[in-house]
Amino acid sequence: MIDKLTYDQILTISQELKQQAGVIEKLIEKKDTPELTDFIATVEGYSKFLETSVEIYKDADKALEGLVTQKKGPAKH
């Protein structure tokens with residue numbers, strides 16, 4: 001989780017952003033709209049940022065899980 005969102009929710013948001021950027025891009029095809037083109041690139045970049053963030057957080061979760069397991073050590077009888 002990142003804040004109150006699950007990784008799957010964040011990835012869904014990322015995909016929706018990417019799809020909507022594609023829709024806007026098709027709507028402005030062959031039009032001279034540099035500001036909107038920049039906006040689309042920013043949205044696509046943010047979508048990629050979210051995907052990368054999820055990967056990093058998942059890797060961190062695995063690393064922390066390993067540390068917690070090491071800290072607990074072998075079970076005592």
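The values are calculated or read from the model by the stated rules, or taken from the named source; none is laboratory data. Since the structure is predicted, the reported quantities are computational estimates derived from the model, not experimental observations. Using ideal geometry, Cβ is built from the backbone for each residue, glycine included, and neighbour counts are taken over all protein chains shown. Accessible surface is based on the protein model in full, side chains and every heavy atom, while ligands, DNA and RNA are left aside. Shrake-Rupley method; radii C 1.70, N 1.55, O 1.52, S 1.80 Å.
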For the chain: lysine pairs under 26 Å (alpha-carbon distance), excluding those fewer than 8 apart on one chain: 19
Estimated [θ] at 222 nm from DSSP helical runs (n ≥ 4, -39500 (n - 2.57)) normalised by residues in the chain, nearest 500: -28000 deg cm²/dmol
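Round to the nearest 0.05 the FRET efficiency obtained for Gln15 and Ala63 when R0 = 35 Å and r is the Cβ-Cβ distance. List each step's numbers first, then the result.
Values: r = 26 Å, r/R0 = 0.75.
In this case the efficiency is close to 0.85.
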Solvent-accessible heavy-atom area per residue, rounded to whole Å², over the chain at 1.4 Å: 85
Angle in degrees between helix 34-72 and the longest Cα principal axis of the chain, rounded to the nearest 10: 0
Rough spin-label spacing in nm, given labels placed 7 Å along Cα→Cβ, for Phe39 and Val23: 1.4
With every protein chain in place, the chain: carbon and sulfur % of accessible area (1.4 Å): 60
Selected from Lys18, Lys48, Lys62 as most flexible by GNM, with the chain as the system and alpha-carbon contacts under 10 Å: Lys62
